[in-house]
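Q: Before we start, here is the structure in question, set down as C-alpha cells.
The values are calculated or read from the model by the stated rules, or taken from the named source; none is laboratory data. Everything numeric here is computed off the predicted structure, so don't read it as measured data. Positions of Cβ are backbone-derived with ideal geometry, glycine not excepted, and every protein chain shown enters the neighbour counts.
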Amino acid sequence: MPASGGSEAGQAAPALRAGPDGCIVRHMAYRYLADAVLLLHLAFILFVVAGALLVLRRRRWMPLHLAAAAWGVGIELSGGVCPLTRVELWLRRLAGWPAGPGMRAASSSITWWR
C-alpha cells in the first residue's frame, strides 16, 4: 500500500466513520449486523425463487415455501418495503453511514454495495 494511505489504484482508502459518541467498534458492530441482515435477506429471496426445487425433494418444506412465496409476491405487487430492508438501513444509519444519492427507506439493500 502506498505511503499516502490510498490504494494501489490511486483511490483513497475508505475511512472508518465514528458516530456521534466517537465509538468506532460499536459502529463496526452495527455494520456487521447490517451485513448479516443483508445475507439473511438474500437467503430469503433465494428460498422464494428456488425453493420449489427443495420442495420437489422434501415435501415438508411446501408450507414454508408457499408462505414465503406469497409474502415475496405480495411485497413486489403492492410496492411495499420488506421489513428486512428497513432493519438493514436502520443498522447502517446506526453504523454512521449516510444515505447515498437517492437512498430512501424503500431503497434496495444492494444499493449500499454498488
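Q: Does region 72-84 hold any residues that are assigned to a helix (DSSP H, G or I) and either without any contact (Cβ under 8 Å) to a residue 12 or more places away in the chain or surrounded by fewer than 13 Cβ atoms within 10 Å (Cβ to Cβ) (or both), and which are they? Steps first, please.
A: Filtering region 72-84 for residues assigned to a helix (DSSP H, G or I) gives 72-78, 83-84.
Result: Val73, Gly74, Ile75, Glu76, Leu77, Ser78, Pro83.
Q: Of His27, His65, which residue is at pLDDT below 90, assigned to a helix (DSSP H, G or I) and not acidic (Asp, Glu)?
A: Working: His65 fails: at pLDDT below 90.
The conditions single out His27.
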